[in-house]
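The block underneath contains the structure these notes are about, expressed in C-alpha cells.
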Amino acid sequence: MGEAIVVTSGKGGVGKTTTSANLGTALALQGKKVCMVDTDIGLRNLDVVMGLENRIIYDIIDVAEGRCRLAQALVKDKRFDELYMLPAAQTKDKHDISPDQVKQIIGDLKRDFDYIIIDCPAGIEQGFRNAVAGADAAIIVTTPENAAVRDADRVIGLLEQHRIPARLIINRIRANMVKSGEMLDVDEIVQVLAVDLLGIVPDDEKVIKAANSGEPTVMDPSSRAAIAYRNIARRVLGEKVPLMQLDDKTGMMQRFRKFFGIG
Amino acid sequence: MTGKQRIVIKGVKDGLVFLLDDRCGMDELLAELNDKLERSHHKLLTGPLVHVKLKLGSRRISEADKERLVDAIRQRGNLIVQSIESDPDPAEQPAGAGNLHVMTGVIRSGQTVERDGHLLLLGDVNPGGSVSCTGDIFIMGALRGMAHAGCRGNTDAVIAASLMRPTQLRIADCISRPPEEWMTDDAQMEFAYLEDGRMRIDKISRLSRFRQDPIVFKGV
C-alpha cells in the first residue's frame, strides 16, 4: 500500500507543479514506483513540465467517467520505467469531478505504487477539495514572500480540518537577499507556520530552463535546486539529511575579494 | 425506538429545525439522530442544500459533543448546520471561573475564535487569524493576527501576549493599528489596555496596577 502526498500552496506560481515533477522524478531516481497525478483540471501543466504532453491519450476525467480503465490513462515517463503520470483534462473544469471520485482513483493507484504525488491547483475551492480528498499527507510549497506565507498558513489550517499532516518546502530562496534582510528567512517562516520543514530550494535559473525543455531539473546534478530536490526526496523516504547551506556559493572571485576586504 | 421521540424535525421557511430532547443521554440522542438521517427520514433529507438549525433546549453541551452532532448531520452532504442554540438554566451557570476558556493550538489565517468570557490561548495567532471575546484575552504565544477583547463594550478588558506583533488590536469599540514603537525586541509578555479611550501597551507586571486588585498573601 503506497502513500499519497498532495503538493499544495494556496497561492499560485510558487512552484507546486515544479515541486511535484521534481519530487516524483527524484523518488523514481531512488528506485521507487511513483505515479504523479495532475488535478489542475482545465489548466494542466504537469505533462508539459515532464515533457510528456504528446503522449497523453486519456485523462483523469475519462477515468472518473468510465470511458477508460485507470491503467490506460497512465502515461509512462520516457526516462524511468517505474514513473507514471495521470494527466488532468484540459477541456473540462474542476466541477466535472468530485472528491469521492478522486479518492477512489487515488485509492486504486495506492495499490500499485509506492508514492502518489498529487499536484494541486492554486486556490482553496473545488480543485483543492478534489486534490486533498485521497491524500495521506501534504507538502506545502511557499516562497519567502508574505503573501505566499499567508496563503500557506490558510491552507495548513484547512488541512488540519481534514486531519492531513503537512510539511513545508520553502522554494526560490535567494541567499543574498535573505542576508541583506530584504527577504524573509527560513526560521521566520517556520516559526509562523509551525509545521515541520521538509526542505529549502534555492532560486535557480536552471529550473526555468529545465521546465521549458520538459526535463525535470532534478536530472541535472550540477544544479543546486536539483540537489535540494534530491535531498527532499530522501527525507520523504525517512532519511535524515541536513538542510542545504545557502551561502556556500562563494566563487573564486568573491573569495579573492573578501581576502582583500573589498567584497 | 419506542415511546417518545427524542428528535423532532420541523420545516420552516428557510430550512429545517431539529428540536432535540434535553433530558436523555448524549449517546441515545446521537443514535436516534443517525437513525433518522440514515433510515426513517432518508427520503425527506436528500435533495438540494438545506440549512439546519439545532435547538438543544436547556441541555448543556461540550464542544466535543457539539462536533459529534454536527459531524453526524454533515454526513448527509446536503445538510448545512447553520446554528446550534441552547438556553441553559441560568441557575446552573458556574460562578466566576467558568467563563475562562482554555484553548490549545495555532489560530491560522482565515480562522476565527469567538468566545463568551475570557480566553487563554496556548499557541499563536497568525496574520489573518482572529480571536475575539467578551472578556480578556491572554495568549501564551505570538499574537500576529487580530485580537478583540471586551467585544460587547467592556472597556476594562485587556489583551496580553508573550510576543505582541498584532496586525490590529481592538478593545471594546477602540480599534488600533500598532505603531512601530510598540515593536520592542524584548522577549517579555506585554498587555494592551485602554486609557482615556486610547490604546496603551505595557509590561505584564504592570497589569496589577491597572486592575488595582492586589493578591493578598496570608501571614506576610
Filtering the range B:110-132 down to residues that are assigned to a loop (DSSP other than H, G, I, E, B) and within 14 Å of chain A (Cβ to nearest Cβ), which residue is surrounded by the most Cβ atoms within 10 Å (Cβ to Cβ)? B:N126
Filter pass, A:I208 being out of contact with any Lys or Arg (no Cβ under 6 Å at 6 or more places or on another chain) and within 26 Å of A:D114 (Cα to Cα): no
Mind checking which residues of the range A:10-59 are of a type outside the set (A, V, I, L, M, F, W, C) and assigned to a strand (DSSP E or B)? A:D38
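Yes/no per residue for (1) part of a helix (DSSP H, G or I); (2) within 14 Å of another protein chain (Cβ to nearest Cβ); (3) touching a Cys at 6+ places or on another chain (Cβ under 9 Å); (4) farther than 17 Å from A:A21 by Cα:
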| site | (1), (2), (3), (4) |
| --- | --- |
| A:I124 | no, yes, no, yes |
| A:G127 | yes, no, yes, yes |
| A:E188 | yes, yes, no, yes |
| A:L198 | no, no, no, no |
| A:A210 | yes, no, no, no |
If you check A:I169, A:I118, A:I189, A:I139, which single one turns out to be more than 29 Å from A:I60 (Cβ to Cβ), of a type outside the set (S, T, Y) and crowded, with 23+ Cβ neighbours inside 10 Å? A:I189
Residue set B:D71, B:D35; condition without any contact (Cβ under 8 Å) to a residue 60 or more places away in the chain, exposed (fewer than 12 other Cβ atoms within 10 Å of the Cβ) and under 26 Å from A:D100 (Cα atoms); output residue B:D71
If we keep just the residues of the range A:141-177 that are assigned to a helix (DSSP H, G or I), of a type in the set (G, A, S) and closer than 26 Å to B:S130 by Cβ, which is nearest to the other protein chains (Cβ to nearest Cβ)? A:G157
Within the range A:150-165, restricting attention to residues that are aliphatic (A, V, I, L, M) and crowded, with 24+ Cβ neighbours inside 10 Å, which residue is nearest to A:Y229 (Cα to Cα)? A:A152
Across the range B:56-87, the tally of residues that are out of contact with any strand residue (DSSP E or B) (no Cβ under 8 Å at 6 or more places or on another chain), in a loop (DSSP other than H, G, I, E, B) and among the basic types (K, R) stands at 2
The condition of being modelled with pLDDT of 80 or more and not in a helix (DSSP H, G or I) holds, among B:K43, B:K53, only for B:K53
Check whether at least one residue in the range B:136-145 is more than 14 Å from chain A (Cβ to nearest Cβ) and part of a loop (DSSP other than H, G, I, E, B), and report yes or no. yes
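The values are calculated or read from the model by the stated rules, or taken from the named source; none is laboratory data. Here the structure is a predicted model, which is why all the values come from computation and not from measurement. Cβ atoms come from the backbone with ideal geometry, glycine included; neighbour counts cover every protein chain shown.
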